[in-house]
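Peer 1: Okay, here's the structure, questions in a sec.
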Amino acid sequence: MNLKKIRKDVAVVGAGMTVFARRLQETGKEMAWEAAKMALDEAGLTLQDIDAVIMGSAPDAFDGVHKKGDWLLDGAGGTNKPYMRVFIGGGTAVFAPIAGWWHVASGMFQRVLVVCEEKMSSVQPHAQSAFGHIWDPILDRPLKPNLVWIFSMEMQRYMYKYNVRYEDIALVAVKNKRNAVGHPCAQLADPNITLEDVLNSEPMALPVRRLDISPPSDGAAAIVLVSEDVAYEHTDTPVWIDGVGWCIDTTMWTNRDLAFPKFVARAAKMAYEMAGIKDPRKEIDFAEPYDPFDYKELQHLEGLLLAEPGEAAIMTREGKTQRDGEFPVCPSGGLLGVGNPIAAALGIKIGELYWQLAGKAGPRQVKKDVRTGVAQAWGDLMQVSSVVVMRRR
Amino acid sequence: MLERIEKSSEIRHWIGDMEADHYYYSAGIAGEKFFVALRDEGKIVGAHCATCNLTYVPPRIYCERCFAELTEHKDMGKRGCVVAFTVAHYDKAGQRLDPPESFALISLGPRTTPLLHKLGEIAPEKICVGLEVEAVLKPQREGKITDILYFKPVK
Ligand SMILES: [Zn+2]
């Protein structure tokens, strides 16, 4: 990594996000347009002002259209502009803004629109059917794997290796579903959910129960990225992308360290080095790690070097990761509370960092003064991680 | 804004698919060795990388860590231990499994990549990490991963 080659600082100056829900009627393009328009409006820009467009969306199989990047083009506002779709599964939510970042940081473009869309309700009988084709066709598929039980094995390995209690993991689901109460786009907010509700929810693939999981959803989110040369023309509160990192582990998921996500740590170290962060626990004020399952929030906090292996569960039990705690985690409500339309989690992760750091998070605004936040997503065959550090100056 | 149409009968829509007729997924050069040994000799074989001191099960023709060509194959035997497991209550189509089925990652030796498979002849509550298990093979085999019926606990 040659940091001297980065030419321009890059700021977020607007963000938009649709309601996350089962949205049978709207097309993916319509949702993309809705979110993109919101982000442009906040930045005081029109589509004509945008130099290039990045689209993020997960498997083509969700929409039943191959090469869906060009199919979704018009809703993302990419027609007649430099345009590209990026896709690293669930990691897309934080990788699409990284692609937007390099378009601007390179000095090539001044104003870039990043749009992420996911419509999971089209695929029948269930989004799970599309996931049936992500496995190795010879070794895995004959055993008829289901994503949930693969995650379950990872969760079980994590609990075993670091002596983590299920009750502490389930507290993450309680926290995030309660945090989501303040989110206007939330699908699963529940102000009254208790630990017992999670512990007694239906077994899916033990140790995973129904309330440990974020369900499929439909939705879109967008952000506007601009160069340092024009940032203050658009807002008084630009939020800067000061570090980006990404890394992928082996495709044979059986061969990974299932307890500690080394690839997350590698991605985080890259982003921290770029942001000049030497001691992440002291220098980062809050985090939006990827939380499609409750145990993933804990594992990802550890991968982000914000907790020692196994310690994130203790921090959760002690209330440190609550919105008003000493280190708020997923103040948005996360995927567990707001919903999980794969790539559109851009709005929950990068969107939330922007809104919190710009002081625009409304009822979700964390109590303590925050200047630096980190967001992370996780995807492909549970093997890739993307990390972004953002700051208010 | 929160009110959305929930029933597909209420909107104009079309049903379609985008699949090819079907695909040929080949096992590859290393996979051929693995499945032929499993079918004809009832053996589970792996490939060893001496540089990384790591054994791949099933074998590969290269080491993904150091890119060495792997030519050293070994019979892994049928015994291993559970690295991680789950007790699945739903199948991949979301249908209930009754009784639930147990799946595990099983490592057939030290510094050996684990194999995904089913567990059998054991109650779910008896499964634990480190449990010693052995492969139960079909008597008539076709050269498929399901030639291994499941892994059962070593008595
Ligand atoms: Zn090697």
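Bear in mind that the values in this text are calculations on the coordinates, not laboratory data. Fair warning: this is a prediction, and the values are worked out from it, not measured in the lab. Don't worry about glycine lacking a Cβ; one is built from the backbone with ideal geometry, like all the others, and counts go over all protein chains shown.
Peer 1: Holding the Cα-Cα limit at 27 Å, pick out from A:4/A:269; A:4/A:37; A:29/A:262; A:144/B:43; A:262/B:33 the pairs that are longer than that.
Peer 2: As for pairs spanning more than 27 Å Cα to Cα, those are A:4/A:37; A:29/A:262; A:262/B:33.
Peer 1: Please tell me the relative contact order of chain A in percent, rounded to the nearest whole number, where contacts are Cα pairs under 8 Å and at least six residues apart.
Peer 2: This gives 26 percent for chain A.
Peer 1: Measuring from centroid to centroid over Cα atoms, what is the spacing of region A:359-381 and region A:239-284 in Å?
Peer 2: First find each Cα centre; the distance between them is then 17 Å.
Peer 1: So for region A:186-331, Kirkwood radius off the Cα pairs, Stokes-Einstein at 25 °C and 0.890 mPa s: how many µm² s⁻¹?
Peer 2: Taking Rh from Cα pairs, D becomes 138 µm²/s.
Peer 1: Starting with the fewest neighbours, write out A:301, A:258, B:149, B:54 ranked by other beta-carbon atoms found within 10 Å of each beta-carbon.
Peer 2: With the fewest neighbours first, A:301, A:258, B:149, B:54 line up as B:149, B:54, A:258, A:301.
Peer 1: Something else: Restricting to DSSP H runs of at least four residues, report the calculated mean residue ellipticity at 222 nm for chain A, -39500 (n - 2.57) per run over all residues, nearest 500 deg cm²/dmol.
Peer 2: The helix contribution divided over chain A gives -9500 deg cm²/dmol.
Peer 1: Taking the Cα centre as origin and putting +1 on Lys and Arg beta-carbons and -1 on Asp and Glu beta-carbons, what dipole magnitude results for chain A, to the nearest 20 debye?
Peer 2: 460
Peer 1: Out of every Cα pair in region A:319-388, what percent are spaced more than 15 Å from each other?
Peer 2: Beyond 15 Å sits 54 percent of the P(r) for region A:319-388.
Peer 1: How big is the antiparallel share of DSSP beta bridges in the protein assembly as shown, given as a percent to the nearest 5?
Peer 2: Close to 80 percent.
Peer 1: Among the listed pairs A:5/A:360; A:175/A:296; B:92/B:118, which are separated by more than 22 Å between their Cα atoms?
Peer 2: Exceeds cut-off: A:5/A:360.
Peer 1: A further question follows. If amide hydrogens are placed 1.01 Å from N in the peptide plane, which non-local residues have theirs closer than 5 Å to the one on residue B:119?
Peer 2: B:102, B:103, B:104, B:151
Peer 1: By its C-alpha gyration tensor, with a ≥ b ≥ c as the square roots of the eigenvalues, how is region A:123-274 shaped: rounded for a/c under 1.5, else prolate for a/b larger than b/c, else oblate?
Peer 2: Prolate is the answer for region A:123-274, as a/c is 1.5 or above and a/b outweighs b/c.
Peer 1: Along the positive direction of the dipole of chain B (beta-carbon charges: Lys, Arg +1; Asp, Glu -1; about the Cα centre), which of B:107, B:94, B:68 reaches farthest?
Peer 2: B:107
Peer 1: Let me test this: with uniform point scatterers at the alpha carbons of region A:1-99, what is the Debye-based log₁₀ I(q)/I(0) at q = 0.13, 0.20, 0.24 1/Å?
Peer 2: -0.51, -1.16, -1.54
Peer 1: Turning to a different aspect of this structure: What is the ratio of the Cα radius of gyration of region A:50-119 to 2.2 N^0.38 Å, with N the residue count, to two decimals?
Peer 2: Normalised Cα radius of gyration, region A:50-119: 1.05.
Peer 1: Give the average, rounded to an integer, of partner chain Cβ atoms located within 10 angstrom of each Cβ in A:149-159.
Peer 2: What the average comes to for A:149-159 is 6.
Peer 1: Can you give the Rg to Rh ratio for region A:85-134, taking only C-alpha atoms and Rh from Kirkwood?
Peer 2: Taking Rg over the Kirkwood Rh, I get 1.15.
Peer 1: I'd like the distance between the alpha-carbon centres of region A:33-54 and region A:77-142, rounded to an integer number of Å.
Peer 2: 19
Peer 1: Give, rounded to the nearest 20 debye, the magnitude of the charge dipole that region B:25-153 has about its Cα centre when Lys and Arg contribute +1 at Cβ and Asp and Glu contribute -1 at Cβ.
Peer 2: Here region B:25-153 has a charge dipole of around 40 debye.
Peer 1: Between A:38, A:80, A:99, whose Cα lies farthest towards the positive end of the dipole of region A:1-107 when Lys and Arg beta carbons carry +1 and Asp and Glu beta carbons carry -1, centred on the Cα centre?
Peer 2: Value: A:99.
Peer 1: Could you put B:76, A:108, B:18, A:120 in order, starting from the residue whose Cβ has the fewest other Cβ atoms within 10 Å?
Peer 2: B:18, A:108, B:76, A:120
Peer 1: For the protein assembly as shown, just say rounded, prolate or oblate: build the C-alpha gyration tensor, square-root its eigenvalues into a ≥ b ≥ c, call rounded for a/c under 1.5, and beyond that prolate if a/b exceeds b/c, oblate if not.
Peer 2: Prolate, since a/c reaches 1.5 and a/b exceeds b/c.
Peer 1: Counting pairs of alpha carbon atoms under 8 Å apart in space and at least six apart in sequence, what relative contact order in percent does region B:1-133 give?
Peer 2: Here the relative contact order equals 18 percent.
Peer 1: While we're on this one: Computed from the mean reciprocal separation of all distinct C-alpha pairs, what Kirkwood hydrodynamic radius does region B:25-153 have, in Å?
Peer 2: 15.5
Peer 1: Right, here's the next one. What is region A:227-269 by shape, rounded, prolate or oblate, if you read a ≥ b ≥ c off the alpha carbon gyration tensor as root eigenvalues and call it rounded for a/c under 1.5, prolate for a/b larger than b/c, and oblate otherwise?
Peer 2: Cα axes put region A:227-269 in the prolate bin.
Peer 1: Rounded to whole Å and sorted largest first, what semi-axes of the equivalent ellipsoid does the C-alpha gyration tensor of region A:257-393 yield via the square root of 5 times each eigenvalue?
Peer 2: Working from the Cα gyration tensor, I get semi-axes of 20, 17, 15 Å.
Peer 1: If you don't mind, another one. Projected onto the charge dipole of the protein assembly as shown (+1 at Lys/Arg Cβ, -1 at Asp/Glu Cβ, origin at the Cα centre), which of A:192, B:44, A:115 gives the Cα projection farthest towards the positive end?
Peer 2: B:44
Peer 1: With +1 assigned to the C-beta of every Lys and Arg and -1 to the C-beta of every Asp and Glu, and no other charges, what is the dipole magnitude of region A:245-390 about the Cα centre in debye, to the nearest 20?
Peer 2: Here region A:245-390 has a charge dipole of around 260 debye.
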